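The values are calculated or read from the model by the stated rules, or taken from the named source; none is laboratory data. All values reported here derive from a predicted model rather than from experimental measurement. Here the Cβ positions follow ideal geometry from the backbone for every residue, glycine too, while neighbour counts run over all protein chains shown.
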Amino acid sequence: MTIATLPAGRQARRLPKLDPKNAATGYLLRYCRGLDRRAALENCTLFLMSELAMPEAKAELSAIHASAELESLNQVAWIDLESSTEHVVVLRTAGGTPISFTVGDLLATREQARDRGALRIVRPRPQQ
């Protein structure tokens, strides 16, 4: 667990704060069990924005990363980052078999998630 320290002075007596990823993970575990992904991400993003004074885009990404990490804990498959590129995401099954997802595949999955109400988009942002 990473802990950010506060500067000396008035704030030195305060307890240390968790880094954004751990704060998001803790919030999701404590308050978002039983919620669908969209609601959990929305609530966690708002929490990070208000409690850690994070910009919306950074809070949203921290919530997404924490949620994905928690979801992957009981999975036997994983995303192979060494084999993935900006054009294809490679998923490895328990036996190591590669399954590829192109941008088109991921966009189709996004549409399905949007139709189910499981997708949360704060607002379109320019690519960085």
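Within region 97-115, identify whether any single residue is modelled with pLDDT of 95 or more, more than 28 Å from D19 (Cα to Cα), in contact with a Leu (Cβ under 6 Å, 6 or more places away or on another chain) and surrounded by 12 or more Cβ atoms within 10 Å (Cβ to Cβ), and answer yes or no.
Yes, region 97-115 contains at least one residue that is modelled with pLDDT of 95 or more, more than 28 Å from D19 (Cα to Cα), in contact with a Leu (Cβ under 6 Å, 6 or more places away or on another chain) and surrounded by 12 or more Cβ atoms within 10 Å (Cβ to Cβ).
Residues R110, R114, R92: which one is touching a Pro at 6+ places or on another chain (Cβ under 7 Å) and not assigned by TED's automatic domain parsing to the domain that holds A68?
R92
Among L35, L15, which is the only one that is of a type in the set (A, V, I, L, M, F, W, C), at pLDDT 90 or above and not in a helix (DSSP H, G or I)?
Unique residue meeting the criteria: L35.
Take the residues in region 80-96 that are assigned to a loop (DSSP other than H, G, I, E, B) and of a type in the set (D, E, K, R), then tell me which one is surrounded by the most Cβ atoms within 10 Å (Cβ to Cβ).
It comes out as D80.
Can you say whether A77 is under 30 Å from G96 (Cβ atoms), surrounded by 14 or more Cβ atoms within 10 Å (Cβ to Cβ) and under 10 Å from the mean Cα position of the chain (by Cα), as far as the supplied structure shows?
Judged against the criteria, A77 is not a match.
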